[in-house]
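Have a look at the structure below, then the notes.
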Amino acid sequence: MAPETSWLGTPEAAERLGITQRTLYRLIDEGQLPAYKMGRVFRVKESDLEVFLDQSRVTPGSLRHLYPEAKVSSDTDDSAT
């Protein structure tokens, strides 16, 4: 027997991801998150949402370009002598 599919509406899916529904629709439209149109509403499989989250995980060390290197301060100021 096949496991039962758990469906989420767009408000629930957006809330789980911590994003707005507008951003959710963009992710769906760009093909990053699969969705299904059932009548007049869109539904997202809970399992597809989990896969999306797993694929969105940030690799440690991959964000170094987002923050500047620490500046090294010079404690030896020769002008004070």
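Values quoted throughout were computed directly from the atomic coordinates according to the rules given, and no laboratory measurement underlies them. Here the structure is a predicted model, which is why all the values come from computation and not from measurement. Here Cβ is always computed from backbone atoms with ideal geometry, including for glycine, and neighbour counts include all displayed protein chains.
Pop a pseudo-label 7 angstrom from the Cα along the beta-carbon direction at both L63 and Y25 and give the gap in nm to one decimal.
A separation of 2.9 nm, rounded to one decimal place.
For E4 and D54, what does the FRET efficiency come to when R0 = 30 Å and r is the distance between their Cβ atoms, rounded to the nearest 0.05?
0.90
About the Cα centre of the chain, what is the dipole size in debye to 20, counting +1 per Lys and Arg Cβ and -1 per Asp and Glu Cβ, all else neutral?
600
With each label point set 7 Å from Cα along the Cα-Cβ vector, what nm distance links E15 and K71?
4.6
Grab the DSSP H runs of the chain that are 4 residues or longer, score each as -39,500 (n - 2.57), total them, divide by all residues and round the 222 nm result to the nearest 500 deg cm²/dmol.
Using -39500 (n - 2.57) per qualifying helix, the result is -9500 deg cm²/dmol.
With a bin width of 10 angstrom, please list the P(r) values of the chain as percents of all Cα-Cα pairs, from the 0 bin to the one holding the largest distance.
Cα pair-distance distribution for the chain, in percent: 14, 34, 19, 11, 8, 7, 5, 2, 0.
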